[in-house]
Amino acid sequence: MDKLKKVLSGQDTDDRGGLTDIIETPSLSWGTRIKGFAACFAIGIIFSLMGTFMLWVPRRGLVLFAAFYTLGNIASLGSTIFLMGPMKQLKRMFEPTRLIATIVMLLCLALTLCSAFWWHNKGLALLFCILQSLALTWYSLSYIPFARDAVKKCFNVCLA
């Protein structure tokens, strides 16, 4: 009963429950996680390529492109869940250094699908696909130490 009182009053910060340990600790072996990452990432690339080929299908090509391209990016993004686990991935996605990139990326994923399926606006769908790629690249660079700084310096040198 004392434990329940501590938990409900917010005083039980040291003792972690079994459920928290299970959620935060990946239960797959390292080899299985690498295989899952590679498979999911490959599926993402295949879907993105299929989307690119669907662009030339008459009438429905843009809708198919936006759908497959977005699904490919979601699969590629989801592949990292195999490496660090779902909860750790979500926590890291919304860290202050990645927050803007994550929000822009998720927003572009949703807006790409909206512009293709509901608004039927080809120009917006293509624009959001481009923004989607840029946002995913910027998000991915946040995991590499000093990569964003190097890209910023490169653009400054090129534009100066």
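The values are calculated or read from the model by the stated rules, or taken from the named source; none is laboratory data. If you're wondering where the values come from, they're calculated on a predicted model, not measured in any experiment. Glycine also receives a Cβ, built like all others from the backbone with ideal geometry; neighbour counts cover every protein chain displayed. Each accessible area value is taken on the protein alone, full model and side chains, heavy atoms only, with ligands, DNA and RNA left out. Shrake-Rupley method; radii C 1.70, N 1.55, O 1.52, S 1.80 Å.
Of the numbered conditions (1) open to solvent by 40 Å² or more (accessible area, probe 1.4 Å); (2) aliphatic (A, V, I, L, M); (3) under 26 Å from T32 (Cα atoms), M93 satisfies every one except a single condition; which is it?
(1)
Kindly list the number of the only condition in (1) open to solvent by 70 Å² or more (accessible area, probe 1.4 Å); (2) at pLDDT below 85; (3) assigned to a helix (DSSP H, G or I) that fails for I45.
(2)
Going through region 105-160 one residue at a time, which ones are small (G, A, S) and either over 21 Å from R92 (Cα atoms) or in contact with a His (Cβ under 6 Å, 6 or more places away or on another chain) (or both)?
Filtering region 105-160 down to residues small (G, A, S) leaves 110, 115-116, 123, 125, 133, 135, 140, 142, 147, 150, 160.
Within region 105-160, S115, A116, G123, A125, A150, A160 qualify.
Has region 53-74 got at least one residue that is of a type outside the set (A, V, I, L, M), within 29 Å of K122 (Cα to Cα), in a helix (DSSP H, G or I) and open to solvent by 50 Å² or more (accessible area, probe 1.4 Å)? Before the answer, list the steps.
Let us first name the residues in region 53-74 that are of a type outside the set (A, V, I, L, M), namely 53, 56, 58-61, 65, 68-70, 72-73.
Checking which are within 29 Å of K122 (Cα to Cα) leaves us with 53, 56, 58-61, 65, 68-70, 72-73.
Those left that are additionally in a helix (DSSP H, G or I): 53, 61, 65, 68-70, 72-73.
Now drop any that are not open to solvent by 50 Å² or more (accessible area, probe 1.4 Å), which leaves 53.
Yes, region 53-74 has at least one match.
Look at L28 and say whether it is assigned to a helix (DSSP H, G or I) and modelled with pLDDT under 85.
On the way: assigned to a helix (DSSP H, G or I): no; modelled with pLDDT under 85: yes.
Taking the combined requirement at face value, the residue does not satisfy it.
Restricting region 139-160 to residues that are modelled with pLDDT under 90 and assigned to a helix (DSSP H, G or I), which is most open to solvent (accessible area, probe 1.4 Å)? Before the answer, list the steps.
Step one: filter region 139-160 for residues modelled with pLDDT under 90, giving 139-145, 160.
Still in the list and also assigned to a helix (DSSP H, G or I): 139-141.
Details: Y139: 8, S140: 57, L141: 36 Å².
Among them, the one singled out is S140.
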